[in-house]
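Report on the following structure.
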Amino acid sequence: MDLLQPLFDLLFPPRCRICRSFLRGEKEKFLCTRCAELILNPADCCRYCGYPLDKEKKFCDFCVRQNFAFAGVCAVSRYHGPFKKAIQRFKYTGHLELASVFGKLLAQQVRQRNWPQVEVLVPIPLHPKKLWQRGYDQSQLLAEAMAQELKIPGQNLLERKRYTVSQTELSAGERWQNMNNAFTAVEKQAMPSCVLLVDDLLTTGATAHFAALALRRAGVKEVYLAVIARAVK
Ligand SMILES: [Zn+2]
Ligand SMILES: [Zn+2]
């Protein structure tokens with residue numbers, strides 16, 4: 001393959017996996033410079049919820065008031081521009097190959113955190129009805145890709161208790177109402193003590209909060225969260 005690589009590159013020039021522009025000598029073979037610059041620096045984000053901040057601050061205004069059930073969040077990028085488009089391709093048009101790209105980028109983010117050793121990766125599950133409509137569960141695919149990168153096993157420790165309406169049209173307050181007690185942890189004799197939840201997006205934090213709460217009520221001591229993108233007001 002090495003001998004044929006130049007010919008292969010000529011016929012199929014490598015493209016950025018996020019924005020699909022052609023790559024011209026970028027070091028990272030799968031990301032263009034522009035997309036690489038959109039990747040969040042953990043030092044510039046709220047320590048609890050991953051919200052991008054001004055340099056001097058450690059927590060965002062929201063986290064001063066809100067007591068989330070998770071202990072920290074990492075996100076690859078804000079939910080805008082090429083990352084937003086790529087996530088939509090991943091979620092709605094079946095571009096499942098993006099799971100490995102996002103998984104790799106998220107694993108890099110997790111490694112930059114001083115979090116305790118995570119024992120299990122847990123995808124935030126879709127309701128079976130939505131799974132049936134979409135045909136795949138993007139958080140599950142993402143967790144599988146991250147499990148390979150981080151060498152940490154994935155496990156489905158959560159279930160949706162009830163069907164929730166889509167969050168996209170709801171206000172922040174309604175999202176909290178909508179997700180209240182939407183999850184339960186599966187019955188298990190020994191729960192891991194530290195878990196990393198995996199989801200595609202973090203907006204108000206309501207979904208992740210109730211998912212983390214269900215795990216903590218079932219005996220998990222610490223829950224962290226990894227999302228592809230952090231939506232910003
Ligand atoms: Zn790009
Ligand atoms: Zn925050």
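The values are calculated or read from the model by the stated rules, or taken from the named source; none is laboratory data. None of these values were measured; they are calculated from a predicted model. Ideal geometry is used to build each Cβ from the backbone, glycine not excepted, and the neighbour counts take in all protein chains shown. Just the protein is used for accessible areas: all its heavy atoms, side chains included, with ligands, DNA and RNA removed. Shrake-Rupley method; radii C 1.70, N 1.55, O 1.52, S 1.80 Å.
Gln133: in a helix (DSSP H, G or I), assigned by TED's automatic domain parsing to the domain that holds Val198 and either crowded, with 18+ Cβ neighbours inside 10 Å or modelled with pLDDT of 95 or more (or both), yes or no?
Numbers: in a helix (DSSP H, G or I): yes; assigned by TED's automatic domain parsing to the domain that holds Val198: yes; either crowded, with 18+ Cβ neighbours inside 10 Å or modelled with pLDDT of 95 or more (or both): no.
In short, no.
Mind listing whichever residues of the stretch 163-186 are free of Cβ contacts under 8 Å to residues at least 24 places away in the same chain, in a loop (DSSP other than H, G, I, E, B) and loosely packed, with under 14 Cβ neighbours inside 10 Å? Steps first, please.
Step one: list which residues in the stretch 163-186 are free of Cβ contacts under 8 Å to residues at least 24 places away in the same chain, which gives 165-166, 168-171, 173-174, 177.
So of that shortlist, the ones also in a loop (DSSP other than H, G, I, E, B) come out as 165-166, 170-171.
Answer for the stretch 163-186, where residues must be free of Cβ contacts under 8 Å to residues at least 24 places away in the same chain, in a loop (DSSP other than H, G, I, E, B) and loosely packed, with under 14 Cβ neighbours inside 10 Å: Val165, Ser166, Ser171.
Suppose we keep only residues that are open to solvent by 90 Å² or more (accessible area, probe 1.4 Å) and part of a loop (DSSP other than H, G, I, E, B) within the stretch 1-16. Which one would you say is nearest to ligand 2 (Cβ to nearest atom)?
Once the filter is applied, the top-ranked residue is Phe12.
Looking at the stretch 115-128, is at least one residue touching a residue at least 12 places away in the same chain (Cβ under 8 Å), open to solvent by 70 Å² or more (accessible area, probe 1.4 Å) and part of a helix (DSSP H, G or I)? Reasoning before the result, please.
Residues of the stretch 115-128 that are touching a residue at least 12 places away in the same chain (Cβ under 8 Å), as a first pass: 115-128.
Applying the additional criterion that residues be open to solvent by 70 Å² or more (accessible area, probe 1.4 Å) yields 117, 119, 128.
Next cut, part of a helix (DSSP H, G or I) only: 128.
Checked against the condition, which is being touching a residue at least 12 places away in the same chain (Cβ under 8 Å), open to solvent by 70 Å² or more (accessible area, probe 1.4 Å) and part of a helix (DSSP H, G or I), the stretch 115-128 yields at least one hit.
Exactly one of these conditions fails for Cys19: (1) farther than 26 Å from Ala206 by Cβ; (2) more than 10 Å from ligand 1 (Cβ to nearest atom); (3) touching a helix residue (DSSP H, G or I) at 6+ places or on another chain (Cβ under 9 Å). Give me its number.
(2)
Give the residue that is least open to solvent (accessible area, probe 1.4 Å), with candidates limited to residues of the stretch 22-74 that are within 16 Å of ligand 1 (Cβ to nearest atom) and in a helix (DSSP H, G or I). Talk me through it step by step, then tell me what you get.
The first filter runs over the stretch 22-74 and keeps only residues within 16 Å of ligand 1 (Cβ to nearest atom), leaving 22-40.
Now drop any that are not in a helix (DSSP H, G or I), which leaves 33-37.
Numbers: Thr33: 76, Arg34: 143, Cys35: 0, Ala36: 47, Glu37: 141 Å².
It comes out as Cys35.
What is the residue count in the stretch 96-114 for residues that are surrounded by fewer than 18 Cβ atoms within 10 Å (Cβ to Cβ) and under 27 Å from Ala182 (Cα atoms)?
Within the stretch 96-114, residues that are surrounded by fewer than 18 Cβ atoms within 10 Å (Cβ to Cβ) and under 27 Å from Ala182 (Cα atoms) number 1.
Thr204 is checked against (1) within 17 Å of the chain's Cα centre (by Cα); (2) at pLDDT 90 or above; (3) within 27 Å of Asp44 (Cα to Cα) and fails just one. What number does that condition carry?
Among (1) within 17 Å of the chain's Cα centre (by Cα); (2) at pLDDT 90 or above; (3) within 27 Å of Asp44 (Cα to Cα), Thr204 violates only (2).
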